[in-house]
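Some notes on the structure that comes next.
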Amino acid sequence: MEDKKKVILKAATCLIAEKGFHETTTSNIAKEAQVAVGTIYNYFSTKEDILGQIFALAYTRRAQTLEEVTLSKMSLQAKLEKFLRIHFQDVLENPNLARLLMQEMTTSVKEELAPVRNYRSDLAEQLSRMFLSCPNPIDDPFLAGSLALGSIHAVTFQLVHTQEEWEVEDVVKKVSSFILTGLMG
């Protein structure tokens with residue numbers, strides 16, 4: 001990806017996380033990225049396109065991680081912990097991206113942003129495949145994936161909105177235990 005495009009995406013991520021999608025203008029993004037407004041349109045057709053590409057990059061990373069973890073020969077607990085470790089490390093390193101993903105995933109209503117709305121259900125479906133891969137089948141893997149993703153989302157929300165320090169490994173162990181205890185009894 002070209003450097004200017006990365007700079008624009010980073011600026012948009014920070015601004016949208018802070019102000020929200022509808023309050024952020026392409027002029028704001030250009031100013032933050034230190035580029036001309038016209039430069040943005042060399043890389044993106046609309047502001048919705050910018051948000052869509054932010055989601056696409058984040059989704060692709062998570063989807064690839066889930067795919068690799070699901071196909072591995074590890075136990076369900078090890079798979080879940082590995083995915084959570086990668087996820088929460090990313091949240092710690094990129095809190096603005098985490099804020100943006102959480103707020104815009106539920107508030108983006110325009111038709112052009114349909115892929116943004118689908119992000120959550122696609123990840124739930126991928127998590128359900130992880131649960132299908134375990135030796136003790138779960139009655140409703142899609143429901144399990146949705147519940148697991150909801151738990152991960154709720155904890156992520158708390159972490160990015162707290163001023164307290166937190167350790168990735170502590171969060172991974174607690175969330176994994178909560179999810180697996182809830183699913184397996």
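Below is a table of values for the structure above.
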| item | result |
| --- | --- |
| Number of positions in the stretch 76-110 that are modelled with pLDDT of 90 or more and surrounded by fewer than 13 Cβ atoms within 10 Å (Cβ to Cβ) | 1 |
| Residue match in the stretch 41-56 (condition: within 20 Å of D90 (Cβ to Cβ), surrounded by fewer than 19 Cβ atoms within 10 Å (Cβ to Cβ) and of a type in the set (A, V, I, L, M)) | yes |
| Single match in T156, T162 (criterion: modelled with pLDDT under 85 and within 21 Å of the chain's Cα centre (by Cα)) | T162 |
| Whichever residue in the stretch 16-40 is under 21 Å from M105 (Cβ atoms) and of a type in the set (G, A, S) and, among such residues, is surrounded by the most Cβ atoms within 10 Å (Cβ to Cβ) | A17 |
| Selection from the stretch 138-154 of residues that are touching a residue at least 40 places away in the same chain (Cβ under 8 Å) and under 20 Å from Y119 (Cα atoms) | A148, I152, H153 |
| Count - residues of the stretch 173-185 that are without any contact (Cβ under 8 Å) to a residue 12 or more places away in the chain and either surrounded by 14 or more Cβ atoms within 10 Å (Cβ to Cβ) or over 18 Å from A144 (Cα atoms) (or both) | 0 |
| Residue check for R129: of a type outside the set (S, T, Y) and either closer than 30 Å to A11 by Cβ or modelled with pLDDT of 90 or more (or both) | no |
| Lone unmet requirement of (1) part of a helix (DSSP H, G or I); (2) of a type outside the set (D, E, K, R); (3) closer than 23 Å to N118 by Cα for I29 | (3) |
| Subset of the stretch 149-172 (residues that are surrounded by 19 or more Cβ atoms within 10 Å (Cβ to Cβ) and over 21 Å from E104 (Cβ atoms)) | V171, V172 |
| Unmet requirement for K6, which otherwise passes all of (1) under 27 Å from Q89 (Cβ atoms); (2) in contact (Cβ under 8 Å) with a residue 12 or more places away in the chain; (3) outside the structural domain of S133 (by TED's automatic domain parsing) | (2) |
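The values are calculated or read from the model by the stated rules, or taken from the named source; none is laboratory data. If you're wondering where the values come from, they're calculated on a predicted model, not measured in any experiment. Note: ideal-geometry Cβ built from the backbone for every residue, glycine included; neighbour counts use all protein chains shown.
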